[in-house]
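The values are calculated or read from the model by the stated rules, or taken from the named source; none is laboratory data. The structure presented is a predicted model; accordingly, all values stated were derived computationally and were not measured. Here the Cβ is made from the backbone with ideal geometry for all residues, glycine too, and neighbour counts use every protein chain on show. Just so you know, the surface numbers come from the protein's heavy atoms only, side chains and all, with ligands and any DNA or RNA stripped out. Shrake-Rupley method; radii C 1.70, N 1.55, O 1.52, S 1.80 Å.
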Amino acid sequence: MSENKRVLYKEYKIFLLISFLFVIMAFTFDRASDIFSGLGRILTHRGLLITDFMYVGGLGAAILNSALACFYGVAVLYFMRAKPTGAAIMCLWMTAGWTFWGATVLSILPLTCGVWLYSRYKKTPFSDYVVAALLCHAIAPIVSLFYFSNPIFYHTGIELPIAVNIAKGVFVGLFVGFFLPIILAAMVRMHDGFTLYNMGVAGGMIAMLISAVFSGFGVVIPTESMWYTERQFEIAIFLFVTFAALILAGLISGRGSKTPHLESMKNLVAQSGHAPNDFYSLFGSTAYINMGLLGVIGTAWSLIFGFALNAGTFACIFSMVAFGSLGKHIKNVIPILIGATICAFINSVDLTAPSNALAILFATCLAPIAGKYGFFWGMVTGFLHVLIVTHIGPVTNGMNLYNNGFASGFVALILVPIIVALKRKATKE
């Protein structure tokens, strides 16, 4: 097979089938007229944190927005001739989850094109930048902020034509997207891969810089706070059906494999989650089963502790699922969840408040610490993450959707050297 030939790999077909399942469930939950009117509201929203697209457009419209972004993600991978790896599969599922809040195809597209321009500038294959090209949705609100408002002229009250705003948004997206791969590559050195959400660290740095520029010129970005709490039974059904389909896909696509799924699963959970951590390349379709199980754990944890199932928790749970192909498994996330939940029980905020709910589930991005250094340090990591994210998050003015990922970089930067130093001392003794 020619290296230059575009192929719709089996893994992408599986994801497309699940995306079509999204579309079917969207039109099962809501009427077509309500879905399309809601989708219009979603596509024209700024999407700053916290913007719940279920709140903005309704459940069916939010699911359809996610499905459209899923199709877009596959199209990008097909266009760039990207082979199915754990990273590529992770990017697709992250796209599925994060387009329930804050990101749409309209706000992602200029950023992806900016990454493509950078690949042309470097004369390297576009497929070298899979993560940047798709996870750029983390900073999609930067683009939609310019599309649908006038941050530069907030203090003057000047209103510009929509065409001018769209042009500004496209330019900003291309500009930021062009430099994104550079910053993304540099951030790994900050945390040494102990947070899986490296894009959150990179996106946080970019959003913090833009926020600083705005602040320096007296521009105040209005905050958003939308938290959907309705139709919990239907949302739970959607999640469990999705994850059951993912587990089934793993079982079916893995038929005939030389290594039974149970044995592969034992080998998978024996991994720390720290690089190299491409579970799909190492364990094949068993990674799908791991991903589905992580989705069930995230949903069950939310239901047990009373977290609202909405766009925010969707992003959390789908992030757990996504990185089931690249670093997370059912063994290294549990200590993190326990430590984070303990912190949420005893801190000054209600356990089920959005800040706690999101921090608990997103703390699993630090799973490699638990995987490498053990259960106790995993609990400490989760506990510390909940405390740090509430202080780090506001500096990005809602323009970085991966705020927990941003905070996790600092958790890893602070905690890992302490763990290493203490373990060295214990070894000497």
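What translational diffusion coefficient, to the nearest whole µm²/s, does region 23-143 have by Stokes-Einstein, given a Kirkwood radius computed over alpha-carbon pairs, a temperature of 25 °C and 0.890 mPa s viscosity?
On the way: Rh = 14.6 Å.
Rounded, D is 168 µm²/s.
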Next item on the list: Find which of Leu196, Ile247, Gly218 sits farthest along the positive direction of the dipole of region 175-281, computed with +1 on the beta-carbon of Lys and Arg, -1 on that of Asp and Glu, about the Cα centre.
Entry: Ile247
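Can you give the helix-only mean residue ellipticity at 222 nm for the chain, where every DSSP H stretch with n ≥ 4 adds -39500 (n - 2.57) and the sum goes over all residues, rounded to the nearest 500 deg cm²/dmol?
Per the formula, -22000 deg cm²/dmol.
Would you kindly calculate the mean projected area, averaged across all directions, of the convex hull enclosing the Cα atoms of region 284-429, in square nanometres?
On the way: hull surface 37.2 nm².
The orientation-averaged projected area of the Cα hull of region 284-429 comes to 9.3 nm².
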Margin query: In the chain, if the dipole is taken from +1 on Lys/Arg beta carbons and -1 on Asp/Glu beta carbons about the Cα centre, which of Ile235, Phe283, Thr341 is farthest to the positive end?
Written below: Phe283
Check: GNM, the chain, Cα, under 10 Å: largest mean-square fluctuation among Phe148, Phe376, Phe217?
Finding: Phe217
Checklist line | Span from the region 274-328 Cα centroid across to the region 191-252 one, whole angstrom | finding: 14 Å
Next item on the list: Apply the membrane-span-like helix rule to the chain: whole DSSP H runs, Cα extent along the own long axis of at least 15 Å, mean Kyte-Doolittle hydropathy at least 1.0. List the helices found.
Entry: 10-29, 59-79, 86-98, 162-191, 198-216, 232-253, 286-304, 311-322, 334-346, 375-392
Check: In units of 2.2 N^0.38 Å, what is the alpha-carbon radius of gyration of region 106-223?
Finding: 1.11
Item checked: Distance (nanometres) between label positions extended 7 Å along Cα→Cβ at Leu303 and Leu8 -> 3.4 nm
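Counting only C-alpha contacts under 8 Å and six or more residues apart, can you give the relative contact order of the chain as a whole percent? Present the calculation step by step, with values, prior to reporting the outcome.
Values: 792 pairs, mean separation 82.4, N = 429.
Rounded, it is 19 percent for the chain.
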Check: So what is the relative contact order for region 301-429, in percent, with contacts set as C-alpha pairs under 8 Å and at least six apart?
Finding: 24 percent
Next item on the list: Could you give the spread of the C-alpha atoms of region 354-429 along their three principal axes, from largest to smallest, in whole angstroms?
Entry: 47, 20, 16
Check: What are the radius of gyration and Dmax of region 218-266, computed over its Cα atoms and given in Å?
Finding: 20.4, 63
Notebook entry, point to check: Within region 184-206, what residues put their amide N at less than 20 Å from the label point 7 Å along the Cα-to-Cβ vector of Leu387?
Noted result: 195
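Dipole of the chain, Cα-centred, from +1 at each Lys and Arg C-beta and -1 at each Asp and Glu C-beta, to the nearest 20 debye? Walk me through the numbers before you get to the answer.
Details: 25 positive and 15 negative charges, 263 e Å.
Using Cβ point charges on Lys, Arg, Asp and Glu, the chain gives about 1260 debye.
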Note to self: Please compute the Kirkwood hydrodynamic radius over region 262-332, one decimal place, Å, based on all pairs of different Cα atoms.
What the structure shows: 12.3 Å
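Where the accessible area of the chain is counted over protein heavy atoms with a 1.4 Å probe, how much of it, in %, is carbon and sulfur?
Numbers: 11660 of 17030 Å².
The computed percentage sits at 68.
Can you work out the FRET efficiency for the pair Glu230 and Leu17, with r the C-beta to C-beta distance and R0 = 41 Å, to the nearest 0.05? Walk me through the numbers on the way to the answer.
Numbers: r = 28 Å, r/R0 = 0.69.
Computed FRET efficiency for Glu230 and Leu17: 0.90.
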Item checked: Label-point separation, Asp34 to Lys266 (7 Å along Cα→Cβ), nm -> 5.0 nm
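In Å², and per residue, what accessible area does the chain have when probed at 1.4 Å with the other protein chains present? Please report the intermediate quantities before stating the final value.
Working: 17030 Å² over 429 residues.
That works out to 40 Å² per residue.
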Notebook entry, point to check: Taking the highest mean first, how do the peptides 76-82, 162-168 order by number of other beta carbon atoms within 10 angstrom per residue?
Noted result: 76-82, 162-168
Note to self: Quick check: Cα centre of region 71-86 to Cα centre of region 105-153, how many Å?
What the structure shows: 16 Å
Item checked: Residue among Asn400, Asn198, Asn267 with the largest mean-square fluctuation in a Gaussian network model of the chain, springs linking Cα atoms under 10 Å -> Asn267
Note to self: Just to be sure I understand, if you calculate Cα extents along the principal axes in Å for this structure, which of (1) 66, 50, 50; (2) 68, 44, 37; (3) 62, 52, 41 do you get?
What the structure shows: (1)
